[in-house]
1. Rank by packing, highest mean first: peptides B:107-117, B:135-145, with packing defined as the count of other Cβ atoms within 10 Å averaged across residues.
2. Using only DSSP helix segments of four residues or longer, with each worth -39500 (n - 2.57), what per-residue ellipticity at 222 nm results for chain A after dividing by its residue count and rounding to 500?
3. Using the 10 angstrom Cβ neighbour count as an exposure proxy, how do A:Ser200, B:Ser180 rank, fewest first?
4. What percent of all Cα-Cα pairs in the range A:246-485 falls into each 10 Å bin, going from 0 up to the bin containing the maximum distance?
5. Quick one: B:Met79, A:Met118, B:Met71, fewest Cβ neighbours within 10 Å first, how do they rank?
6. If you build the convex hull over the alpha carbons only and average its shadow over all orientations, what do you get for the protein assembly as shown? Give it in nm² to one decimal.
7. Can you give the charge dipole size of the protein assembly as shown about its Cα centre, rounded to the nearest 20 debye, using +1 on the beta carbon of Lys and Arg and -1 on the beta carbon of Asp and Glu?
8. For A:Leu34, what charge total do you get from the other residues with a beta carbon under 13 Å from its beta carbon, if Lys and Arg give +1 and Asp and Glu give -1?
Amino acid sequence: MLIIPAIDILKGKCVRLQQGDYSKVTEYNDDPFLVAKKFKELGAKNLHIIDLEGAKYGQILNKEKIMEIVEKLDLDVQVGGGIRTFDDARVLLGKGVKSIILGSSVFSDIDLIKRLVMVFGKEKIIISIDVKNGMVMMNGWRKNSMNSLDSVLTDVKNLGIETIIFTDIKSDGNLSGPNFDEIKKVLESGLKVIVAGGISSNEDVRELKELGVYGCIIGKAIYEGKINLKQCISENISMKSGLSKRIIPCMDIKDSRTVKGVNFENLKDAGDPVELAKFYSENGADELVFLDVTATIENRKTLYELVEKISENINIPFTVGGGIRTREDIRRLLNSGADKVAICSYAVINPEFIKAAAKDFGSQCIVVSIDAKRNNNRWDVYINGGRLNTRLDAIKFAKKMEFLGAGELLVNSLDRDGTKTGYDIELLRRISEAVNIPVIASSGAGNKKDFLKAFNEGRVDAALAASIFHYKKTTISEIKKYLSKNNITVRL
Amino acid sequence: MIQIIDYGAGNIKSITNALKKLDENYAVITSPSQIRGDAKIIFPGVGAAGNAMDRLKENGFIEAIPRLKNMFLGICLGMQLLTEFSEEGMVKCLGIIKGKVDKFKNTPKVPQIGWNKVSFIKNDPLFNNIPDDSYFYFVNSYYVNADENYALGKTNYGDLFTSVVRNRNFYGVQFHPEKSAEIGLNLLNNFCKLC
């Protein structure tokens, strides 16, 4: 979230108004430049400047003061107040103002906004929406535009705008806290929302960040010492781990084709793993896994060619597995562009191989894939595609693989594979708790709740699924939205 | 022109793939004598710091790199090697960025694998058109603990660490922009377009 300290300029001085009332002026400093410089020293990267006279009279009247700040300080400055013409905008943006803020013109000059967005780009144009009792105000908050908030949000989106400043006028300048309920409604518009008005404690800032607002403009609270800007900025830098949980579509490959039916209308060829990989990576997949299910020596060469093609076409990480038995196999897959390799049966047959592979290529690219099947109170490790029970205990085996240098574990449940009845949560939790390397859940995903359970109860770091995605039972973004709503950190 | 230093520490294929997507001319170089004055340099790397420093020494890069005036981007281990010292193998590094490399301490799982947020500390042309707190793909067990003056971006994985650094023409990023979807390509593109 952007922390944007505010400077309002009136008659060349740095002031604050209360609720936009020009008769309730508090002067804070004679020189706005010194204030901006101080903000920068405290760690600010952004600055919000309003020309209050400009807003009142409809033309920019404190341009020199503003430009001094923009030119001398390396800050991302957004400027508003009195910008009414294309030339006003061109001059400011041309001189290094990061973005301009328009308010009243939404109602008086829609063509101007359209033209500005087209010429300068949507990231340069911010619309300020100032609301009093559900109605949008204009002309320095003094006039009711007679438009409701909802209708203005729709209009603004239709104009191609992506960022707005939302000010609840009643909250502004009286340190009473922002109007959180109203802000939640505004966020539903899908626009990037910068909140202004009433932010008066670090707690308010934290809450806004939690809500997912894009930025917050803080004025009076800084001037009055209610918010320590430096502390606020450092707190805003993720206070807890931001690592997201990963969603990983898996593709089984046979003779360079994806097997396990794939059901997509919008792909030219749903059986082509390259097409499918592109589709998933463009639609929110965090990683991809490819398993060569034939894994015969004759097929190796075509597999390398396929891996090369995949790596040229996507730019998210991917893992390739199936039939890996030598360091040369690994080297060739990595050189073809794979980021990691998954080793299954051979990790059981020759565990020392994992140690050698981790030493040569680094743990980060060695994934051990475990096929486990429940047997009364324990899970046995199977090999050869689930045909042979090794009688090894899956939990102990997982720990051993970590010890030998595996960087991640991919945990399959033979009981759940293909059943769509949910992951084997107990197996996942037991392994996740036993090791200190990331664990990827596999086998059994049938709906979005299964993913949530895998993360919350199975304590895994990533969840893999195949048919649920191939058959379009759900989409990655749908799952991620659901997880996000349930407080799981995901990359949206 | 982009030149990629190949000193035998890790795979450069995904970087060349990304540069191809950006339509950038590139060449892979293995010796300092190949460095062109007008090129921007990408310095990748995965694996252990000690081993990588040994290889840089063999190839003569240890003396050459700190003297470069070229725009320079260290990625992952390539970023860590720009600091003064790495706890991984207790090895002296290139000393371009004031700071050292530490092992994660307050994290449940090492290595960190996956997408994490980068919070910008300073504005920089490297971040053009990239929103603050964007996700990038990380794979690391160690992290850079840099002097605040050099930090451009930070990330939290239990420990708060410096994920983007800069000193003059030298940049470093802990994440893999070449594996970080569109946003990563944007960052690489910004680097390629720096003057």
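1. Going by the mean number of other Cβ atoms within 10 Å, highest first, we get B:135-145, B:107-117.
2. When only DSSP H runs of four or more count, the value is -10500 deg cm²/dmol.
3. If I rank by nearby Cβ atoms, fewest first, I get A:Ser200, B:Ser180.
4. Spelled out per bin, shortest first, that is 8, 34, 39, 18, 1.
5. A:Met118, B:Met71, B:Met79
6. Mean projected area of the Cα convex hull: 30.5 nm².
7. Dipole size: approximately 580 debye.
8. Once all neighbours under 13 Å are counted, the net charge is +2.
Values in this text are rule-based calculations from the coordinates and carry no lab data. Because the structure is a prediction, the values reported are computed rather than measured. Don't worry about glycine lacking a Cβ; one is built from the backbone with ideal geometry, like all the others, and counts go over all protein chains shown.
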